[in-house]
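J.: Please read through the structure below; I'll follow up with questions.
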Amino acid sequence: MTTAMSEEYKLVARPGEIPFARGLEGVITAESTKSYVDGIGGKLFYHGIPIEVLAERSTFEEVVFLLLYDRLPTRGELAAFQERMAAEREISDFVYQLVAARAGMPRAHSMAVLRSAVSCLSGFDAAAESDADADQEQEAVRIVSQMATVVAAIGRARAGLPAVRPRRDLSHAANLLWMLTGRDPDPYEARVMDLLLILHADHECNASTFAVVVVKSTLADMYSAVVAGIGALKGPLHGGANEDVMRMIKEIGAPEQARAWAEEAIAQKRKIPGFGHRVYKTMDPRARILRQYAEEMARRAGTGRWLQIADALQATIQERLGAKGIWPNVDFYSGIVMASMGIPEELFTPVFAVSRAAGWVAHALEQAKDNRIYRPRFVYVGPEEAPYVPLEDREAPGPREGTGPAESQEKPVGMENPDARKRQQAEGPARERERKFA
Ligand code: ACO
């Protein structure tokens, strides 16, 4: 029996030899009717409707309908859909208890608590494992509805307060504020929360949506797919950046310090949270819209200083990195808007998730209509043949070779085989190449 690779096996190379798109940049993964990002023009459309129009005239519930069904609802359909979403808001006591227990763990990030809770929600959905279209669609609506309840419960538990049950008479946004505070929401704040939910609802093939559709493409259930999306959104390169932006603004401390802070960050080649985007090479239109609302929110909450710091930082970054395509993204102003509403930093990304859940489930259902499992390739750049060295013969790798776990001071851990190494040196790189493409 030979263990050598098949002659047809082409994706074997030295590092850098076969080009590929790092981070799948520019790679088209599927067709979609949901949203379109014009990264050069700085435009975003949900099913052809500009985000500015939706921000001004729509509601989150209407946007969820639009994303799910690819059209705006009639007046009657919208009322029925709002009622349908509202009817799905309640979650089991068990999930509240799980949230309270999990939120009490000092090291548990709120997104980690959300991940656990959404996973748990599936246990209370009788249709969770059904692949019938109607069940999948109902799960999609249920998940979008219940995410808000879970996030509010996390916020309350984190603050050491009892959970506030959802109300059916409020919009999704107003109900979220109600569940967070236990007070009738201020109409302006409810409107701004609605705006936040509209703006974050979908964004084409972003990392978390891609994670969702990859999991859904295996025919896993909708909850598993959404949990994958939560995991991806948590990262600081994606949704987690909104938390980092607020920390950065507080660290800068004063508008007059923003330039020096930015210069130092640029000199150190640090990635500045809330700036840059894989697709936008100009101002993210959502950031532009949020900047307008941030002004009024900051005026009402007396948080104008944060906005001044943000504006001063933005001016420097634009001057220094704008030509390179580094502009504010959605996360830059969303934190200031949420903080001005009294939402704690640790809930910024979970609130983002409440909204993005709409895009996640819409794309998952869309891709499921013509499903094919996602299964791309890696270029293999490891050794083509390697001996299995008996444990007792293994030596620690040299300082430049180690790729295993951190070196232990007590006992060497490694995979080097001195015989194989001597043989490779004798054969030289040419022979190694030959073997790879033999
Ligand atoms: N600050 C400073 N420089 C940056 C930034 C930034 N925020 N973002 C990118 N750059 C620079 C890089 O250093 C790199 O420069 P170089 O070519 O001289 O090496 C160049 O721009 C390209 O950067 P990449 O990292 O290759 O861009 P990529 O498309 O892979 O990453 C990302 C996009 C992750 C958004 C990146 O811009 C970033 O890390 N931004 C900060 C985190 C952030 O705000 N994330 C939220 C994005 S929006 C969202 O997900 C909701």
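Rule-based calculations on the coordinates, nothing more; no lab input. For clarity, every value in this text was computed on a predicted model and none was experimentally measured. Note: ideal-geometry Cβ built from the backbone for every residue, glycine included; neighbour counts use all protein chains shown.
J.: Test of understanding: in a Gaussian network model of the chain with alpha carbons linked when under 10 Å, which of 364, 301, 13 would top the mean-square fluctuation ranking?
T.: Among 364, 301, 13, the largest mean-square fluctuation in the Gaussian network model of the chain belongs to 13.
J.: Once both axes come from the Cα atoms, what is the angle between helix 304-321 and the longest principal axis of the chain, in degrees from 0 to 90, rounded to 10?
T.: For helix 304-321, the angle is close to 40 degrees.
J.: For the residue pair residue 268 and residue 319, what label-to-label distance in nm results when each label sits 7 Å from Cα along the Cα-to-beta-carbon direction?
T.: Reported label-point gap for residue 268 and residue 319 is 2.1 nm.
J.: If you bin the C-alpha pair distances of the chain every 20 Å from 0, what whole percents do you get?
T.: Cα pair-distance distribution for the chain, in percent: 23, 48, 25, 4.
J.: Using Cβ contacts closer than 10 Å as the measure, can you line up 379, 361, 214, 53 from fewest to most?
T.: Going from sparsest to densest Cβ surroundings: 53, 379, 214, 361.
J.: Determine which residues of the range 339-369 fall in the zone a paramagnetic label at residue 301 would reach in this model, i.e. backbone nitrogen under 14 Å from the point 7 Å along Cα→Cβ.
T.: 339-349, 351-352
J.: How high is the relative contact order of the range 241-342, in percent, counting Cα pairs under 8 Å that sit 6 or more residues apart?
T.: Relative CO of the range 241-342 lands at 44 percent.
J.: Which angle between 0 and 90 degrees, to the nearest 10, do you get for helix 172-181 versus the longest principal axis of the chain when only C-alpha atoms count?
T.: Rounded to the nearest ten degrees, it is 90.
J.: So, one more: Say the cut-off is 21 Å between C-alpha atoms; which of 34/369; 34/216; 234/369; 250/271; 43/216; 43/271 go over it?
T.: Violating the 21 Å limit, Cα to Cα: 234/369; 43/216; 43/271.
J.: Between the range 118-139 and the range 186-204, what's the alpha-carbon centroid distance in Å?
T.: Cα centroid of the range 118-139 versus Cα centroid of the range 186-204: 26 Å apart.
J.: Among 90, 319, 295, determine the one that fluctuates most according to a GNM of the chain built with springs between C-alpha atoms less than 10 Å apart.
T.: Checking each option, the largest mean-square fluctuation is seen for 319.
J.: Please work out the C-alpha center-to-center distance from the range 52-112 to the range 279-345 and express it in whole Å.
T.: Spelled out, the Cα-based centre of one part sits 25 Å from the other.
J.: When the helices in the chain are scored as -39500 (n - 2.57) per DSSP H run of 4 or longer and the sum is shared across all residues, what 222 nm value do you end up with, to the nearest 500 deg cm²/dmol?
T.: So the calculated ellipticity at 222 nm is -17500 deg cm²/dmol.
J.: Would you work out the relative contact order for the chain, in percent, from Cα pairs under 8 angstrom that are 6 or more residues apart?
T.: Once divided by the residue count of the chain, the mean separation gives 21 percent.
J.: Please order 250, 269 by the number of other Cβ within 10 Å, starting at the fewest.
T.: Sorted ascending by nearby Cβ count, the order is 269, 250.
J.: As a footprinting exposure proxy, order 27, 245 by other Cβ within 10 Å, with the fewest listed first.
T.: The fewest-first ordering by Cβ neighbours comes to 27, 245.
J.: How many nm separate the modelled label positions at residue 257 and residue 92, each set 7 Å beyond the Cα in the direction of the Cβ?
T.: Distance between the two pseudo-spin positions: 4.9 nm.
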